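Undergrad: One structure, pasted below without further comment.
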Amino acid sequence: MTARETPMNDQRLNVVDLDARLSAQSPQQILAHALAHHDNIAISFSGAEDVVLVDMAFRIRQDIQVFSLDTGRLHPETYQFIERVRDHYGIPIETLFPDAAQVQTLVREKGLFSFYRDDHKECCGIRKIGPLRTKLLTLDAWITGQRRDQSPGTRAAIPVIQEDRAFARKGAGLTKYNPLANWTSAQVWHYIRANQVPYNPLHDRGFISIGCEPCTRPVGPGQHEREGRWWWEEATMKECGLHAVNVSDSK
Amino acid sequence: MKITMVKKILADGSPCQKCGEVEHKMRQAGQLDRIDEILIADERDLASPGMLLAGELGVDRAPFFVVEEPGKPPLVYTVYLRFVKEILDQKTDDRDELREILDGNPDLDFI
């Protein structure tokens, strides 16, 4: 019996042990593990340098499922790039759209640029998290391009594999893989150049992290890529994680 | 059905702000009556009941809710409004739920 005949979603994963083991492996090995253990799995492709995941996965399995969140506010270059990736690999890229009624309500109540006055979360919630949730409710596992070096605040501790409780179907499991978690931006770009992977032309114009057009800007030398996103907001961090400390240290 | 809520105390001894906000909302909405047990996850004490339960279930955030029914695996909710919608069967604002997901999972903002 092969691993794919015993789907993981029916089992209780010991993700901590698995994370420790997979963390020592390359992104390609992590992807191979993920694709071998789940049939109903998809890559979340943002239209930026996470294209390396599409390239790596395509070399393993050509029937990979890829989806992209079209917020309606992406750069024209990003739309063109997503189309280029679709043509380059000859794969369908499922485009997910936000709920029209929710977008209309938001725009009617707060205008088209409410995120500059409030914060980006309401808009991101409607335009990205809503459609993402709808898609993830249909999957057993998903793959992201998240890396620890993308944000020292919010991504410093992301594991290679985790149980995704926020988006799992009721009573079912959803496994999230972050094969690039331990890679640096430099390693990603080395891979792109070495393998002649197509990339978003905005990167050549100083954009490192690419999201929606109003919320993304190029950054200068020495600036962290995080500074190119939501730069008008203060770095406020919600602290909801559980952090065990040595009791003796806290006395 | 048994419902357990786990809230936490931070490593510096202060209560978790989000846990307090959720508990306040639940009290106002009369939802606390539906909670059978409240456990504390004290970050200074690995053996505190909430920390033990979090470890057992592989949960890395608080507050969270555990719903147990005989003969079924426990359901774990880390999104309060989803718990309210699916378990307490009460209407919620979807925009609020989406925002709560993003608040609790700030790494998602780059997706």
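The values are calculated or read from the model by the stated rules, or taken from the named source; none is laboratory data. Keep in mind that what you see is a predicted model, and the values were worked out from it rather than measured. Here the Cβ positions follow ideal geometry from the backbone for every residue, glycine too, while neighbour counts run over all protein chains shown.
Undergrad: Would you check if A:Leu132 is within 13 Å of A:Ser46 (Cα to Cα) and assigned to a helix (DSSP H, G or I)?
TA: For A:Leu132, the condition - within 13 Å of A:Ser46 (Cα to Cα) and assigned to a helix (DSSP H, G or I) - is met.
Undergrad: Test B:Gly20 against the criterion of being more than 8 Å from every other protein chain (Cβ to nearest Cβ), among the small types (Gly, Ala, Ser) and out of contact with any strand residue (DSSP E or B) (no Cβ under 9 Å at 6 or more places or on another chain), and give yes or no.
TA: no
Undergrad: A further question follows. For segment B:71-81, which residues satisfy the criterion of being within 8 Å of chain A (Cβ to nearest Cβ), under 11 Å from the mean Cα position of the chain (by Cα) and not in a strand (DSSP E or B)?
TA: Once the filter is applied, which keeps residues that are within 8 Å of chain A (Cβ to nearest Cβ), under 11 Å from the mean Cα position of the chain (by Cα) and not in a strand (DSSP E or B), segment B:71-81 yields B:Thr78, B:Val79.
Undergrad: Among the residues of segment B:20-37, are any β-branched (Val, Ile, Thr), more than 24 Å from A:Gln102 (Cβ to Cβ) and outside any loop (DSSP other than H, G, I, E, B)?
TA: no
Undergrad: Within segment B:102-110, identify whether any single residue is among the aromatic types (Phe, Trp, Tyr) and more than 8 Å from chain A (Cβ to nearest Cβ), and answer yes or no.
TA: no
Undergrad: Is it true that some residue in segment A:176-185 is at pLDDT 90 or above and of a type in the set (A, V, I, L, M)?
TA: Scanning segment A:176-185 turns up at least one residue that is at pLDDT 90 or above and of a type in the set (A, V, I, L, M).
Undergrad: Being of a type in the set (Gly, Ala, Ser) and either part of a loop (DSSP other than H, G, I, E, B) or under 13 Å from A:Ile91 (Cα atoms) (or both) is the filter here, so list the residues in segment A:34-69 that pass it.
TA: Once the filter is applied, which keeps residues that are of a type in the set (Gly, Ala, Ser) and either part of a loop (DSSP other than H, G, I, E, B) or under 13 Å from A:Ile91 (Cα atoms) (or both), segment A:34-69 yields A:Ala42, A:Ser46, A:Gly47, A:Ala48, A:Ala57, A:Ser68.
Undergrad: Do you know which residues across segment A:194-211 are small (Gly, Ala, Ser) and within 14 Å of chain B (Cβ to nearest Cβ)?
TA: Residues satisfying the conditions are A:Ser209, A:Gly211.
Undergrad: Okay, moving on. Can you say whether A:Tyr199 is in contact with a strand residue (DSSP E or B) (Cβ under 8 Å, 6 or more places away or on another chain), within 20 Å of A:Phe58 (Cβ to Cβ), of a type outside the set (S, T, N, Q) and modelled with pLDDT of 95 or more, as far as the supplied structure shows?
TA: Against the criterion (in contact with a strand residue (DSSP E or B) (Cβ under 8 Å, 6 or more places away or on another chain), within 20 Å of A:Phe58 (Cβ to Cβ), of a type outside the set (S, T, N, Q) and modelled with pLDDT of 95 or more), A:Tyr199 does not qualify.
Undergrad: A further question on this structure: Considering only segment A:157-183, state which residues are among the β-branched types (Val, Ile, Thr) and either part of a loop (DSSP other than H, G, I, E, B) or within 17 Å of A:Arg133 (Cα to Cα) (or both).
TA: Within segment A:157-183, A:Ile158, A:Val160, A:Thr175 meet the criteria.
Undergrad: If you check B:Asp89, B:Asp93, B:Asp60, which single one turns out to be surrounded by fewer than 20 Cβ atoms within 10 Å (Cβ to Cβ) and within 7 Å of chain A (Cβ to nearest Cβ)?
TA: B:Asp60
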